[in-house]
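Visitor: The structure is given below, and queries will be raised subsequently.
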Amino acid sequence: MKINQVEELVGITKKNIRFYEEQGLIKPDRDPENKYREYSMNDVQKLLRIRLLRQLDVPCETIRKVTDGEMDLTRCMDVQMEVLSKRQSDLEHAKDICAMIRTEEDDLADLNASGYLEEMARLERGGAHFMDVKKYDVRKTRNGAIIAAVVFILFMIGLALAMMWGHSVDPIPIGLLIFLEAIPVSVIIGTVIALIQRIREIEGGEYDEASKY
């Protein structure tokens, strides 16, 4: 059957199905004539099992281990129950802090943040875990920089290809063509270098320094 049929039967998108293929969780056969994927009911059952485990927040790598026989299902569930129990405990700690703030504080301007942060630090030393805001903000900023750079690089590649096409339609002196092509190429190289430097600043420098103030 085709991927559209599988999508309807399993209840997940084609994008998800392709992702699970890339992860090696399913390996559909190929039509020998046109090389199109041909999904079987066995593939559908595998995808249903994957969907179940993913909705229980089991990581893809763990599912792969179970699929490949490196881990049995019982062990998989034991590990996931431990993960969820830890997460539940962390949420309970967060709820307790929220309840304390709700009971003891009335106005944001009077909120004793330092005291609550000290209490959270004490709980973390005992094994609790709260959201790492710094890491979250760094990741968000880094991803934004990468997306912007990729869009700009794709634009430059499109410009270079357009000039090549224009040359094929109406040839210009080869020296001029090389000069014109060197412009977007140089810009792309500069963008990549700037992106690498920006990521290094975000991950290893400016945010750590800013956190000291």
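Visitor: For region 34-80, which positions are at pLDDT below 90 and of a type in the set (Ser, Thr, Tyr)?
Guide: 36
Visitor: Could you give me the residue pairs with C-beta distances under 7 Å whose first residue belongs to region 59-74 and is over 17 Å from residue 19 (Cβ atoms), whose second residue is open to solvent by 60 Å² or more (accessible area, probe 1.4 Å) and part of a helix (DSSP H, G or I) wherever it lies, and which are 6+ apart or on separate chains?
Guide: Pairs that qualify, where the first residue is over 17 Å from residue 19 (Cβ atoms) and the partner is open to solvent by 60 Å² or more (accessible area, probe 1.4 Å) and part of a helix (DSSP H, G or I), are 66/73; 71/65.
Visitor: Among the numbered criteria (1) more than 27 Å from residue 131 (Cα to Cα); (2) touching a residue at least 24 places away in the same chain (Cβ under 8 Å); (3) of a type outside the set (Phe, Trp, Tyr), which single criterion is violated by residue 93?
Guide: Evaluating residue 93 over (1) more than 27 Å from residue 131 (Cα to Cα); (2) touching a residue at least 24 places away in the same chain (Cβ under 8 Å); (3) of a type outside the set (Phe, Trp, Tyr) leaves (1) as the failure.
The values are calculated or read from the model by the stated rules, or taken from the named source; none is laboratory data. The structure displayed is predicted, hence computed values, not measured ones. So basically every Cβ, Gly included, is an ideal-geometry build from the backbone, and we count neighbours across all protein chains shown. Quick note on the areas: whole protein, heavy atoms, side chains included, nothing else; ligands and nucleic acids left out. Shrake-Rupley method; radii C 1.70, N 1.55, O 1.52, S 1.80 Å.
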